[in-house]
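*Asks:* Right, I'll just put the structure down here and ask away after.
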Amino acid sequence: MRRVLTVSFVAAAIALLSIGVGGAVAAGPAAAIPGDAPASATAAECDAGAGTDTVGCWNGTHYEEALAFNQTDGLTESELEELTHLTMARVEHVRERPFREDVPVETVTRSEFTNGSASGGSGGSEPEYRRWNDQVWKALFVVGEDGNATDAIDGVYGGAVTGFYSPGQDRIVLVVPEGEDPQIDPSTLAHELVHAMQDQYHDLTRPRYVGATQDADLAVDGIVEGEAVHVEEAYDARCAANWTCLAPPDSAGGGGGPASDYNFGILQTVLQPYADGALYVEELVDEEGWSAVNETMNAPPTATSEVIHREPDYETGEVAFEDTATGGWETYSDRGVNGSDTAGEASMFVMFWYQSYEYRHAVLDPDATIRENVQIHTQPDERLRTRANYNYAHESTDGWAGDELYPYRNDGNATAGGNATAGDDANATAGDDANATAGDDANATAGDDGYVWVTEWQTAADATEFRETYLRMLTAHGGDDYAEGEVYEVADGDFRGAYGVERNGTTVTIAHAPEPADVLDLRPDADLDRPSTGDDADATDGDDGTDGDDGTDGDDGTDGDDADVTDGSDADGDDDLGGDPDGSPGPDAATDDGVPGFGLPVAVVGLLAAVTLFAARVRP
């Protein structure tokens, strides 16, 4: 999950892509925001000659004015300019700070945006990077063995983005429907104008706004996007209360395809800064005023745990890793941070949650239904005023102290079918991204793929909780019980292959490769044995569980709790979820996303490289 220097801050259509949460959030008047900046100008004080130090007035437009037009038939160039000036004045009023210079606003159609953004300019199209990044997302059980992380990321961003601000070009680009006069969502414009103001005061092209890992990127976005969502919320609330505002367009940026086309594991990972970040900023403003937000922008969070738990002093720990792999397995030393990425608490939570949403496995809470597991994320206790919010905290991932995920490759396995046994290529080499047919691994990804993931936790109890939840997820996919001290095999499906899972005190280490022998090559010092079913090369014949056939009757949990996860829960009322576990017409999810990348390349390099979410970051 290497990020791409987000040279842009993206707004994803939150109303279009949000997962239904079973109830609308009422929009009420925004509470007064503690002020530590000049008060807004009165209408009488606002004229075309007002300087840039005047708050609530831009180019002679006062924040309380109303527009003399609507956008039923689209906006002309002059009307878009008027709307921009009014929105700038209103953002100033809410944020209690003036803009320093004008912000150009342009429009582009969905197809133009998509064609110009797919993996562009961020390193996401490099074969080596794509192969490395695939293993990160596969380790998170979000992209399957036959999937492609870069394509999935491009799909999310190409369809979800409704606009972005480019710090490198000091402009906003809004995505509009095809073949029509542009209609603008005023909330999207307000959101992107906050990013423009941030850039004018903090310079968003600085290295501190680009995390070196996925978790660091998401953490930085927690303050950057959190402030933008917080201001956008206040803007929307005032529109509902006493401002006259344009109605949003019927379609969000021309749409991007049906919700079912999106990978919601990636989408919900991307949305974390918008959900938790908004609450994080709200708390800062309520307790210390806008000066606390300014200070946090100058020293952004470094881990999503800080934002999730709203603990600026959240403590992390050292992660100890030594590459002892044998048998031709190698890391990508020039990718990520010395070959590794850091997933972090937010991504780990989504990993467990996504198994309920996509695969109907009750992983977070084995005693609850699938629907209830999904709602752990979609129905949080804390709500935002004007939009759906999401929860990313759970005892399974609380207590995170650090992690390093090292993708591995073994190009020596590219000949003569690699490690696969005759006739078992398709299932046994669960890392051969090329979907090679038997004996044809050389045409796959030039070899086998795997990873070693070292996770560190605050306490041994935290580590145990994570390991138990991970094993519950693993056995849900594998169908057999887990045998302590042995490599576990998943015979088929999206996450087929061999897994070694060990806990040592506060450390949980996970290794994955196509075959049990490969796992032991990746971690030769691990206290793990091959599956007790005999020759591990024959494990793909269906007897790859720890006791032969315990998992074939549907009891795929580690202790029996998952028995109704794969067939019981779905049969007792959860099948009515229809495509959306919450029962809404289709999961929507996004809010605006973007900026400094994040564990994935979320870079929108201006107009051309606009949405390479989880691709390698490159600074212009």
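*Asks:* Over region 266-425, what percent of the accessible surface lies on carbon and sulfur atoms, probe 1.4 Å?
*Replies:* 38 percent
*Asks:* Please calculate the 1.4 Å probe accessible area of Asp403, with all protein chains present, and give it to the nearest 10 Å².
*Replies:* Only protein atoms counted, so the area is about 0 Å².
*Asks:* Could you give the accessible area per residue of region 284-402, probe 1.4 Å, as a whole number in Å²?
*Replies:* I get 39 Å² per residue for this part.
*Asks:* Please list Arg385, Arg335 in order of solvent-accessible area, largest first, computed with a 1.4 Å probe with all protein chains present.
*Replies:* The residues order as Arg385, Arg335, largest area first.
*Asks:* In square angstrom, what is the accessible area per residue of region 126-255 with a 1.4 angstrom probe?
*Replies:* 25 Å²
*Asks:* Between Asn242 and Glu180, what is the label-point separation in nm under the 7 Å Cα-to-beta-carbon projection?
*Replies:* Using points 7 Å along Cα→Cβ, the separation is 3.3 nm.
*Asks:* Here's something else I'd like to know. Taking 0.36 nm per intervening residue step and subtracting the Cα-Cα distance, what contour gain separates Arg383 from Asp170 on full extension?
*Replies:* Difference between extended and current length: 73.4 nm.
*Asks:* Turning to a different aspect of this structure: Determine the gain in length on full extension of the stretch Ala320-Thr464; use 0.36 nm per residue of separation and subtract their C-alpha separation, reporting nm with one decimal.
*Replies:* Computed gain between Ala320 and Thr464 is 50.0 nm.
*Asks:* From the Cα gyration tensor of region 323-390, with a ≥ b ≥ c the square roots of its eigenvalues, which class applies: rounded if a/c is under 1.5, or else prolate if a/b is larger than b/c, or else oblate?
*Replies:* oblate
*Asks:* So how much slack lies between Asp367 and Thr72, counting 0.36 nm per residue of separation and subtracting their Cα-Cα distance, in nm?
*Replies:* Answer, rounded to one decimal: 101.2 nm.
*Asks:* To continue, here is another question. Quickly work out the Glu283-to-Arg206 label distance, labels modelled 7 Å from Cα along the C-beta direction, and quote it in nm with one decimal.
*Replies:* Simple spin-label model gives 2.4 nm for this pair.
The values are calculated or read from the model by the stated rules, or taken from the named source; none is laboratory data. Because the structure is a prediction, the values reported are computed rather than measured. Virtual Cβ from ideal backbone geometry, glycine too; neighbours counted across all protein chains shown. Surface areas here come from the heavy atoms of the whole protein model, side chains and all, with no ligands, DNA or RNA. Shrake-Rupley method; radii C 1.70, N 1.55, O 1.52, S 1.80 Å.
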